[in-house]
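Down below is the structure, laid out as C-alpha cells.
The values are calculated or read from the model by the stated rules, or taken from the named source; none is laboratory data. Values in this document were obtained by computation on a predicted structure and should not be read as measured data. Virtual Cβ from ideal backbone geometry, glycine too; neighbours counted across all protein chains shown. With ligands, DNA and RNA removed, areas are computed over all heavy atoms of the protein, side chains included. Shrake-Rupley method; radii C 1.70, N 1.55, O 1.52, S 1.80 Å.
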Amino acid sequence: MKKVILPFVMFFVCITAINAQVLYKELKSYKTNTARQLKIKLPKNYDEDSQVKHPLIIVFDGDYLFEPVVGQVEFQTYFDDMPGSIVVGVMQGGDRYYDAYVNEVTGLPEESGLDFYNFVESELIPYIDGLYNTSDFRVVVGHNAMAGFSNAFLMRENPIFQAYVNLSPDFLGNITESISKRFSWIEKDYIYYMATSDKDILPIRESVLATNTALKSIENEKFTYYFDDFEDETHYTLVTSGISRAFDKIFNLYKPLNEKEITEKVISYEGTLDQYLIERYKSIDDMFGIDKPIPLEEFEKMAKAAEQREDIESYKGLASLAKKQDPTSVLGPYYSGVYAEKTENKSKAIKHYEEALELNEEGHINYDFIIAKIEVLENLIFEEEEKELAEKEAKRAEKEAKKEEERKQKELDKQKKEEDKELKKLEKEIKKIEEEEAKAKKKKEEEQKKKEEKTKEENEKNGGDDN
C-alpha cells in the first residue's frame with residue numbers, strides 16, 4: 001500500500017506546486033463573443049525587465065492538458081534540455097465542440113471554429129506577446145479534435161506556429177492531403193510531431209497512420225517530422241509520453257552538446273571549433289529566437305575535442321569567443337593561457353593566467369585552479385633554466401677540455417716537429433760522414449791502385465834491366 005500511496009502523494013505535491021505558480025487570466029474575445037479563461041505559467045525566475053525572450057507554448061484543452069505540458073516543460077528546463085518557455089493553456093470546457101468545429105469536407109475551421117481560429121491568431125497571441133517577453137518561436141499542443149484543429153494554422157502563408165504537437169489527432173475531411181501538400185513546398189523551418197498507440201481509438205488510429213504514410217514520404221529539408229506509435233497506451237495515457245517525446249525532439253537543437261554530436265560532427269568539423277559553436281548557437285537563435293550564452297561545459301567539451309583533433313588553433317579561437325561573450329569572465333584569458341602553453345610559450349601563458357586572476361571565476365576554473373597552473377609553469381620554467389645552465393656549463397667544460405686537448409696536441413706536434421728536424425739534421429750529418437768516408441775510401445783505393453801500378457812498373461822495369 002505504501003508503494004502505491006507514495007507516488008500518488010509525490011504527483012499531488014508536484015501538481016500543487018505547479019498550480020501555486022500558475023496565473024489565471026480572463027481575456028474578452030470579440031471574435032467568439034466570450035470571455036476566455038487562460039492558465040499561464042511563466043519560466044522560473046522570469047524577469048519582465050530582462051531582454052531575454054521565451055518561446056510561447058499554446059495548449060488547447062487547457063482544462064486537462066495544461067498541467068502535463070507544464071510538468072514536462074519544468075522537467076526539461078531543469079536539465080537545460082529546452083529553454084524556459086511561457087505556457088498558456090486555453091480552457092475550453094463546454095465550448096470545446098464549438099471551438100473545434102470544422103468543415104466535414106475540407107477539415108478547415110468554419111462558423112464557430114473559424115471564430116476560435118481568429119481568436120487565437122488575432123487576439124490571444126497579440127495579448128500574450130504584449131504582456132510577456134515572448135520570442136518568435138511558438139508551439140501549439142492539441143489532443144484529439146483540438147490536435148486536428150491545430151493543423152488549420154498551417155494553411156496560412158506565414159503560420160503563427162513553428163512547431164505542432166498532435167496527440168492522437170482526429171483528422172477530418174481532406175486535412176491530411178492539405179497538410180501533406182503544404183509541407184511539400186514550405187520555405188521556412190517547421191517541426192511537426194504526431195503520436196498514436198496500438199490501443200488508440202480505432203478510427204483515429206487509422207487516420208493517423210494514413211497521415212504518417214503521407215508525411216514520412218515528404219522530401220523537404222525545411223520540414224522536420226517525428227512520429228511515435230506507442231504500445232500499451234490508450235487514447236488518453238499516450239498524452240504524457242507524447243508530450244515528453246515531442247518536446248525532446250522539438251528542442252533537440254537547444255540541448256547541450258552530447259557525445260554523439262561531438263563524435264559525428266565536431267571531430268570532423270573543418271574549421272576551428274569556436275566557429276562550430278558560433279554556428280550552433282546562431283542556429284538556436286534563428287530557430288527559437290533566443291540568444292543563449294555558451295556555458296562553461298561546452299567550452300570544456302570543445303577544448304577536449306580540440307585536444308583530440310590535435311588542433312591548437314581552436315584554443316585561440318575559444319579564447320576569443322569567450323572574451324567576446326563575457327569580458328568579465330575568467331574563460332577568455334584562461335584559454336589564451338592554454339593556447340600559449342600548447343605553443344610552448346610558458347611565460348606568456350603565465351601572463352594570461354595572471355590576467356585571469358583579476359576576473360570572475362567560472363565553475364572549477366577558479367583562482368586556486370589557476371594559481372596551481374601558474375605554480376606548475378613557474379616550476380617548469382625554473383627547471384628548464386636550471387637545465388639550460390647545466391647544459392651551458394657542460395658545454396663550457398667540454399669546450400675547455402677540447403681547448404686543452406688542442407693545446408697539448410699542438411705541443412706534441414711541435415715536439416714531434418723538432419724531433420723530426422733533429423732527426424733530419426742527424427741523418428744529414430751521417431750522410432755527410434758516409435760521403436766523406438766513401439770519398440776517403442775511394443781516394444785511398446785510388447792511391448793504392450796507383451801504388452800497385454807504380455810497383456808493377458818498377459818491377460817490370462827492373463826485370464828488363466836484368467836481361
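A few remarks follow.
- Within segment 334-392, the proportion of C-alpha pairs whose separation exceeds 18 Å stands at 36%.
- Unit charges at the beta carbon, dipole of the chain: most positive-side option, F119, H235, V139: V139
- Rg/Rg_ref, segment 315-354, where Rg_ref = 2.2 N^0.38 Å and atoms are Cα: 1.04
- Protein accessible area in the chain, 1.4 Å probe - carbon and sulfur %: 51
- Protein-only accessible surface at a 1.4 angstrom probe places the residues T237, T32 in the order T237, T32, largest first.
- A straight Cα-to-Cα reach below 16 Å connects K454 with the aspartates and glutamates E445, E446, residues fewer than 8 places away in its own chain not being considered.
- Debye intensity ratio in log₁₀ form over the Cα atoms of the chain, taken at each q of 0.08 Å⁻¹: -0.67
- Under the convention that each Lys and Arg Cβ holds +1 and each Asp and Glu Cβ holds -1, the size of the dipole of segment 46-131 around its Cα centre is about 120 debye.
- Heavy-atom accessible surface of segment 340-467, averaged per residue, reaches 91 Å², computed with a 1.4 Å probe.
- Those residues of segment 62-97 whose amide nitrogen sits under 19 Å from the label point placed on D47, 7 Å along Cα→Cβ: 78, 80, 83-86
- For segment 199-261 versus segment 34-57, the gap between their alpha-carbon centres in whole angstrom: 26
- Across all directions, the shadow cast by the convex hull of segment 103-170 built on its C-alpha atoms averages 4.8 square nanometres.
- Within the same chain, lysines fewer than 8 places from K461 are excluded, and of the rest, those with a Cα less than 29 Å from its Cα are K442, K443, K444, K449, K450, K451.
- Across segment 52-108, the convex hull enclosing all Cα atoms gives 100 Å³ per residue.
- Prolate/oblate/rounded call for segment 264-346, Cα gyration tensor, a/c under 1.5 rounded: oblate
- Segment 271-408 shape via C-alpha gyration tensor axes, a/c threshold 1.5: prolate
- Surface accessible to a 1.4 Å probe, E422 within the full protein complex, Å²: 110
- Base-10 log of normalised Debye intensity for segment 203-347 (one unit scatterer per alpha-carbon) at q = 0.12, 0.13, 0.19 Å⁻¹: -0.66, -0.72, -1.13
- Cα centre as origin, Lys/Arg/Asp/Glu Cβ charges: the chain dipole, Debye: 740
- In this view, the solvent-accessible surface of R156, computed with a 1.4 Å probe and all protein chains in place, comes to about 100 Å².
- Rounded to whole Å, the principal axis extents of the Cα atoms in segment 240-293 read 41, 25, 14, largest first.
- Of the listed residues L23, L42, L423, the order by accessible area with a 1.4 Å probe, largest first, is L423, L23, L42.
- Most positive-pole-ward Cα, F251, I433, Q162, against dipole of the chain from beta carbon charges: I433
- Set K181/K249; K346/K392; K53/K199; K222/K316 screened for pairs whose C-alpha atoms are more than 28 Å apart: K53/K199; K222/K316
- Residue-averaged 222 nm ellipticity for the chain, from DSSP H runs of 4+ at -39500 (n - 2.57), nearest 500: -19000 deg cm²/dmol
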